[in-house]
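Laboratory data are not the source of any read-out in this text; all were calculated from the coordinates shown. Computed from a predicted structure; not experimentally measured. Cβ sites come from the backbone with ideal geometry, for glycine too, and all protein chains shown count toward neighbours.
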Amino acid sequence: MTGKLPFEALSVETLATRLGTNEALRAKIGKDATQWKVREVGDGNLNLVFIVEGASGTAVVKQALPYVRLVGDSWPLPLKRSFFEYHALTRQEARAPGSVPAIHHFDEVQALIIMEYLSPHIILRRALIEGRQLPNIARDIGLFMARTLFRGSDLSMTARDRKADLALFADNVELCDITENLVFSDPYFDAKMNRHTSPQLDSLVAELRADRDLKVEAQRLKHIFAANAETLLHGDLHSGSIMVTDTETRMIDPEFAFYGPMAFDVGMLLANFWMSFFSQRGHEQQGKRDAMRAYLLDVIVETWAVFRAEFSHLWRTERTGMLYQKSLFEDQGDRLGAEQALDHVLHQIWTDLLGFAGIEVHRRILGLAHNADFETIADEDLRASCEAKALKFGRHIAVNRRQIHSIDEVNNLAALIEQESGI
Ligand code: SR1
Ligand code: MG
């Protein structure tokens with residue numbers, strides 16, 4: 001396939017013919033394309049994902065479609081998201097080596113990325129639904145977030161480089177627009193594509209949509225999301241964007257990458273752990289989930305601790321950007337000043353991440369894009385009960401985020417709400 005042919009979506013039937021001359025793919029999986037076995041495995045909301053197995057290896061071919069796969073061609077979406085995904089992956093690999101799949105080839109016109117086939121990795125969300133306890137995820141994800149968020153910001157980059165990147169990713173308008181609407185606004189009014197478990201949640205949903213404090217807070221968070229171009233975000237860092245084995249963790253799918261507030265990635269990620277926590281009761285028929293719930297709360301504590309520790313380490317050792325310059329602090333013998341500033345920055349991330357986490361929980365239950373943690377609970381009353389607790393929790397942490405001081409406080413609240421009956 002040459003970059004000059006116009007875009008055409010691949011299919012299981014056409015992939016080998018169309019990519020049979022692609023040198024990068026041939027080198028990875030074998031030159032005889034007649035031997036290739038192709039499967040389409042995309043289960044996300046947006047793209048095609050093929051696994052291509054040849055005589056000497058396997059690779060993944062991910063291709064964007066000119067519309068939202070979840071909804072269909074009535075919702076057009078630019079192919080250029082593949083460009084942003086490719087550029088985000090290269091930056092993430094440079095800033096947090098080994099944390100993303102290796103890229104073998106990128107074709108901008110065909111909006112496709114040929115990348116490493118991760119095996120035996122599975123999607124983290126699926127592992128958590130199955131009740132699997134992965135020992136390394138907190139450390140791996142905490143390090144990934146600290147490294148990518150710190151090293152993509154004015155704390156580390158030269159102002160010129162960061163501004164060039166800011167300009168590059170500023171064009172990811174349509175994917176930001178999805179987040180701006182689906183995460184921050186749609187859940188809080190009767191938007192067309194919203195859905196929720198009904199009738200069980202109807203009265204709680206009406207209550208939340210009439211909740212002025214919550215709506216104002218959601219809009220303040222949207223304001224921060226849109227106006228605080230602090231660092232290159234993954235932009236969609238939920239448990240469906242992470243692949244795991246018992247020992248390995250890789251972040252995938254950064255097509256929503258753009259310059260935004262550090263707290264967004266951290267908040268979205270932790271929200272997905274809290275949602276997994278609230279959904280466990282719905283999966284209990286496959287075995288008691290008390291240990292799994294305890295594990296998830298531990299993962300949340302550890303992720304935040306690792307993030308803080310690594311971010312602090314980078315602050316002390318790699319603060320080469322224009323913000324909080326060493327010339328103002330350490331070089332003047334004022335190490336305490338640098339630590340004071342670090343506390344301010346971490347405190348801001350903490351306060352904002354609680355807000356982002358709260359509304360991420362809401363949008364996965366009230367909006368268009370739900371998650372399998374709750375969706376796979378077949379008993380609708382049980383599902384609604386898990387969702388209602390998560391909604392209550394989300395509301396509390398979003399609205400009270402400035403008054404909450406520790407992760408233990410949040411986890412205690414989650415445990416308390418989870419044990420309530422009659423919700
Ligand atoms: C229409 S896209 C819906 C959601 O899927 C993606 O994974 C993002 O989370 C987006 O909000
Ligand atoms: Mg995705």
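Descriptive notes on the structure:
- Where labels lie 7 Å past Cα in the beta-carbon direction, separation of Ser406 and Ile51 in nm: 4.4 nm
- DSSP loop GluC sites (Glu not before Pro) with at most 16 other Cβ within 10 Å: longest gap in the chain: 131-247
- The range 1-156: proportion of alpha-carbon pairs further apart than 28 angstrom, %: 28 percent
- Set of lysines with alpha-carbon distance to Lys4 below 28 Å, sequence-local pairs under 8 removed: Lys28, Lys31, Lys37, Lys62, Lys80
- In range of the label at Gln286: residues from the range 116-132 whose backbone nitrogen is under 19 Å from the point 7 Å along Cα→Cβ: 120-132
- Here the residues Phe84, Phe393, Phe277, ranked from fewest to most Cβ neighbours within 10 Å of their Cβ, fall in the order Phe84, Phe393, Phe277.
- At full extension, Glu302 and Leu346 could sit 14.3 nm farther apart than now, given 0.36 nm per residue minus the alpha carbon distance.
- Alpha carbon centroid spacing (whole Å) that separates the range 193-233 from the range 75-112: 29 Å
- Loop-resident chymotrypsin sites (Phe, Trp or Tyr not before Pro) (DSSP state other than H, G, I, E or B) in the range 122-201 with no more than 10 further Cβ atoms inside 10 Å of their Cβ: Phe189.
- Averaging 1/r over every pair of different alpha carbons in the chain and inverting the result gives a Kirkwood radius of 22.4 Å.
- Whole-number percent relative contact order across the range 84-179, with pairs defined as alpha carbons under 8 Å at least 6 apart: 24 percent
- Extending 7 Å from the Cα toward the beta-carbon at both Asp379 and Val109 defines two label points whose distance is 5.6 nm.
- A simple spin-label model places pseudo-atoms 7 Å from Cα toward Cβ; at Tyr67 and Ala170 they are separated by 3.2 nm.
- Debye intensity ratio in log₁₀ form over the Cα atoms of the range 140-205, taken at each q of 0.12, 0.25 Å⁻¹: -0.58, -1.05
- Gaussian network model of the chain, Cα within-10 Å springs - most flexible of Ile129, Ile365, Ile29: Ile29
- Once the C-beta distance of Arg160 and Thr34 is scaled by a Förster radius of 60 Å, the resulting FRET efficiency is 0.75 to the nearest 0.05.
- The chain: most fluctuating residue of Gly287, Gly54, Gly142 per GNM, C-alpha cutoff 10 Å: Gly287
- Separation of the range 264-305 and the range 345-416, taken as the distance between their Cα centroids, equals 11 angstrom.
- Among the helices of the chain, those built from whole DSSP H runs whose Cα atoms reach 30 Å or more along their own axis and whose mean Kyte-Doolittle hydropathy is at least -0.5 are 290-317, 335-366.
- Calculated FRET value between Leu416 and Ser203, using beta carbons and R₀ = 25 Å, to 0.05: 0.70
- Only the Cβ atoms of Lys and Arg (+1) and of Asp and Glu (-1) were treated as charged; on that basis the dipole of the chain about its Cα centre amounts to roughly 400 debye.
- Cα-based reach from Lys392 at 16 Å (exclusive), listing lysines while leaving out same-chain residues under 8 positions away: Lys215
- Dimensions (Å) - the range 345-394, Cα atoms, principal axes, largest first: 43, 19, 14
- Dipole of the chain, positive direction: furthest Cα of Ala226, Leu214, Leu391, with charges on the beta-carbon: Ala226
- DSSP-loop trypsin sites (Lys or Arg not before Pro) across the range 1-93, with at most 16 other Cβ within 10 angstrom: Lys4, Lys31
- Burial ordering of Arg363, Arg220, fewest other beta-carbon atoms within 10 Å first: Arg220, Arg363
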